[in-house]
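Note sheet for the following structure.
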Amino acid sequence: MNFYISGTSGSGKSTLARNLAHDFQLTHIELDALHFDSDWAERPDEDFVRDVSLKMEEGPWVVCGNYKEILALALEKVDYLIWLDYPLPLILWRVSKRTLRRLIKKDKCCGENYERWYRQFFTRDSIFLWVLKTYRKNKRRYKNISKYSQYGLCVRRIRSPRELEKFLKTIKESKSMDEVGK
C-alpha cells in the first residue's frame, strides 16, 4: 500500500507518515529531508526527483510533502493521497509549538538543518510566513486533484484530527481483514 501525505506545513504530514511507515512497514520518504542539503541549500530538482524515485522503487512507501514534481510521480502509484486540510488557526498553533520546541531543544529538521530564531521571526524565510503564503495555494491544488483529475478517487480530504483517527482506524481494520484472508 502506498500513501502520499499532503497538507500545509505544520498540519502533521511527517508525524502521520512516520506512524504509517511504522504501522504498515513502509519506506518513509520525507521530501523536505531529501530536498534540502545543509544550511537550507536546495538540491537540484533532477537530483531530488531521482533520489525520491529510487526510494519509491524500494517497495511500498509513504511520502510526505508538497512538491509538485514528486506529486506527479506519486499519483501514478499511490493508493491513498491523504490531504490534511486543517483550519489555519490549528496549523498556526501547531507550527508555533513545533518551531519553539525545535528552537529550544535544537532539534534537527529537514535533514541536517536547524531552525534559527532570527530566520523564523525576522526574515521572509519564516515558517509562519510560509504557512500564510501556501495555505490557500495548497487548498486549491488538492481540491483540483480531487475534483478534476482521474486521481480523485484516491484523495482522502481530512479536515480534523478526529476525522483522521477514524480514517486510520478504517485502514488498519481493512489491513487486518486482508491478513486474515491470506
Cα principal axis extents for the chain, largest first, Å: 55, 35, 35
Overall form of segment 1-89 per C-alpha gyration tensor (a/c, 1.5; a/b vs b/c): oblate
Part-to-part distance (alpha-carbon centres) for segment 128-164 and segment 3-55, which is given in Å: 17
Prolate/oblate/rounded label for segment 8-53 (Cα gyration tensor, a/c 1.5): oblate
The chain: calculated mean residue ellipticity at 222 nm from DSSP helix runs of at least 4, using -39500 (n - 2.57): -18000 deg cm²/dmol
Between helix 161-180 and the chain: long-axis angle, C-alpha atoms, 0 to 90°, nearest 10: 40
Share antiparallel - DSSP beta bridges, the chain, percent rounded to 5: 15
Cross-link partners of LYS105 among lysines (Cα-Cα below 19 Å; sequence separation of 8 or more within a chain): LYS97
Stretch gain in nm, segment TYR114-SER149, where the contour uses 0.36 nm per residue and the Cα spacing is subtracted: 8.9 nm
Proximal aspartates and glutamates to LYS55, defined as alpha-carbon separation beneath 20 angstrom and excluding residues fewer than eight positions away on the same chain: ASP23, GLU30, ASP32, ASP37, GLU42, ASP45, GLU46, ASP47, GLU69, GLU76, ASP79, GLU112
By average C-beta atoms within 10 angstrom, highest first, the peptides 62-69, 155-162: 62-69, 155-162
Protection proxy ranking of 79-85, 93-99 - average other beta-carbon atoms within 10 Å, highest first: 79-85, 93-99
Prolate/oblate/rounded call for segment 102-182, Cα gyration tensor, a/c under 1.5 rounded: oblate
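Coordinate-derived values only; no laboratory data. Nothing here was measured: the structure is a model prediction, and the numbers come from that model. Quick reminder, even Gly has a Cβ in these numbers, built from the backbone with ideal geometry, and neighbours come from all protein chains shown.
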